[in-house]
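Presented below is the structure to which this report refers.
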Amino acid sequence: MLTYNELIDLRNKLANGEIQLELAKTQFWGDLKEGQRSWNTKDWQERRPKFLKDKCEICSGTETLTVQHLSHPRKYAEYLREITSKYAKDHIDTNPEINKSEFTDYVLKNHDYVPVLLCPNCMSKNPSERVRKIPKYRCADCKHEFDEATFRSVNELISIFYENKDAYEVVDKCFVSKDKYRNKNNLSSVKYWMQRERAKNKDSETIEKEAFLLHLNDSIKYLSFEDAITACKKCAYNFDVNKMELCPKCKQHYKGLQYPTCIDCLPEDKRKVALENIQFGKEWHEMHKRLGID
């Protein structure tokens, strides 16, 4: 695992073009071992005492003090998705149209078509399918009964889509991606993924480099203790695991991070409502437990 200064050096070299992206990734991830944590490294242990204060910055306790980060690095994959979306939007804004023939080839190559059944009389969607009665189908709109439903071909739907992308006929998610995810899409979303793929292929290295630099900056910030405080073991546990912190008003009870104070410090009317909600939640949980649906 790279040290704090080594990470800064790697980031600067990559940003200045002194090192290739793939080599930078290899240096960053190459020596990482499974289960290895930054706070177990020699570099962290040497810098930690210089950062720690003599008491917890939350409760003023002095027992078992630790570095408590208020934020954590985002994953590289998250940055990659975000930057790819940004480049896709720019590509779509500057290249809004796609050749109809190319789009048709892309749809057929990358998707399975599951047609929406139509009434042959009025062309309404999804006629009722009957199990016992015959004919097999009955249209809810025109009441027509029939054995064989009809449907539009892929080429018909694409032609309608190119005339009006918001047409009623093309809103259905009847195109299933052939990848492992088997996502259902309508033609508008298929077009987006095609344009996104083109943008990604066109600027793949730029996208990956930008995302990786952001991830490196996050990692450097984490190792620098920039967004961190000194906390005792109890406060650190409540912050990380329970998403709670000490109430700033009474300094006695813990509260959810999203709330301004603990329940005891709320005005009487709000405190009463909060306690009633908690009691209701407990009763609801007990009822589920008794019914075996907990």
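Please tell me if residue 79 is modelled with pLDDT of 95 or more, in contact with a Phe, Trp or Tyr (Cβ under 8 Å, 6 or more places away or on another chain) and of a type in the set (Phe, Trp, Tyr). First the steps, then the outcome.
Details: modelled with pLDDT of 95 or more: yes; in contact with a Phe, Trp or Tyr (Cβ under 8 Å, 6 or more places away or on another chain): yes; of a type in the set (Phe, Trp, Tyr): yes.
It is true that residue 79 is modelled with pLDDT of 95 or more, in contact with a Phe, Trp or Tyr (Cβ under 8 Å, 6 or more places away or on another chain) and of a type in the set (Phe, Trp, Tyr).
The number of residues in segment 180-207 that are without any contact (Cβ under 8 Å) to a residue 40 or more places away in the chain, surrounded by fewer than 12 Cβ atoms within 10 Å (Cβ to Cβ) and at negative phi comes to 3. State whether one or more residues within segment 217-225 are surrounded by 17 or more Cβ atoms within 10 Å (Cβ to Cβ), outside any helix (DSSP H, G or I) and among the aromatic types (Phe, Trp, Tyr). Within segment 217-225 (the criterion being surrounded by 17 or more Cβ atoms within 10 Å (Cβ to Cβ), outside any helix (DSSP H, G or I) and among the aromatic types (Phe, Trp, Tyr)), the answer is yes, since at least one residue qualifies. In segment 36-52, which residue that is closer than 17 Å to residue 2 by Cβ and in a loop (DSSP other than H, G, I, E, B) is modelled with the highest pLDDT? It comes out as 41. With respect to being among the aromatic types (Phe, Trp, Tyr) and assigned to a loop (DSSP other than H, G, I, E, B), residue 192 falls outside the description.
In segment 178-216, of all residues being within 20 Å of the chain's Cα centre (by Cα) and of a type in the set (S, T, N, Q), the one that is farthest from residue 80 (Cα to Cα) corresponds to 185.
Every residue in segment 109-129 that is within 16 Å of residue 174 (Cβ to Cβ) and touching an Asp or Glu at 6+ places or on another chain (Cβ under 6 Å), please. It would help to see each step written out before you state the result.
Residues of segment 109-129 within 16 Å of residue 174 (Cβ to Cβ): 110-118, 123-127.
Result: 116, 124.
Of the residues 66, 84, the single one that is in the same structural domain as residue 239 (by TED's automatic domain parsing), in contact with a helix residue (DSSP H, G or I) (Cβ under 9 Å, 6 or more places away or on another chain), surrounded by 12 or more Cβ atoms within 10 Å (Cβ to Cβ) and within 30 Å of residue 215 (Cα to Cα) is 66.
Each residue in segment 18-44 was checked for being in contact with a helix residue (DSSP H, G or I) (Cβ under 8 Å, 6 or more places away or on another chain), among the polar types (S, T, N, Q) and free of Cβ contacts under 8 Å to residues at least 40 places away in the same chain, and 1 pass.
In segment 226-254, how many are surrounded by 18 or more Cβ atoms within 10 Å (Cβ to Cβ), among the polar types (S, T, N, Q) and over 28 Å from the mean Cα position of the chain (by Cα)? Counting residues in segment 226-254 that are surrounded by 18 or more Cβ atoms within 10 Å (Cβ to Cβ), among the polar types (S, T, N, Q) and over 28 Å from the mean Cα position of the chain (by Cα) gives 1. If you take the residues of segment 33-50 that are of a type outside the set (S, T, N, Q) and under 33 Å from the mean Cα position of the chain (by Cα), which of them is surrounded by the fewest Cβ atoms within 10 Å (Cβ to Cβ)? The selected residue is 34.
Considering every residue within segment 15-31, establish whether at least one is at pLDDT below 95, among the aliphatic types (A, V, I, L, M) and assigned to a loop (DSSP other than H, G, I, E, B). The answer is no; no qualifying residue exists.
Sort out which residues of segment 265-275 are of a type in the set (D, E, K, R) and surrounded by 14 or more Cβ atoms within 10 Å (Cβ to Cβ), and write them in order of number. Working first, answer last.
Here is the first cut: in segment 265-275, the ones of a type in the set (D, E, K, R) are 268-272.
271 - this is the single residue of segment 265-275 that is of a type in the set (D, E, K, R) and surrounded by 14 or more Cβ atoms within 10 Å (Cβ to Cβ).
Would you be able to say whether some residue in segment 185-198 is modelled with pLDDT of 95 or more and of a type in the set (Phe, Trp, Tyr)? Yes: segment 185-198 contains one or more residues that are modelled with pLDDT of 95 or more and of a type in the set (Phe, Trp, Tyr).
Restricting attention to segment 240-259, does a residue exist that is assigned to a helix (DSSP H, G or I), out of contact with any Gly (no Cβ under 8 Å at 6 or more places or on another chain) and not aliphatic (A, V, I, L, M)? Don't jump to the end; show me each part of the working.
Here is the first cut: in segment 240-259, the ones assigned to a helix (DSSP H, G or I) are 240.
Then drop every residue that is not out of contact with any Gly (no Cβ under 8 Å at 6 or more places or on another chain), which leaves 240.
Narrowing the set further to residues that are not aliphatic (A, V, I, L, M) leaves 240.
Yes, there is a match, as at least one residue in segment 240-259 is assigned to a helix (DSSP H, G or I), out of contact with any Gly (no Cβ under 8 Å at 6 or more places or on another chain) and not aliphatic (A, V, I, L, M).
The values are calculated or read from the model by the stated rules, or taken from the named source; none is laboratory data. Bear in mind the structure is a predicted one, so any value in this text is a computation, not a measurement. Reconstructed Cβ throughout: ideal geometry from the backbone, glycine too, with neighbour counts over all protein chains shown.
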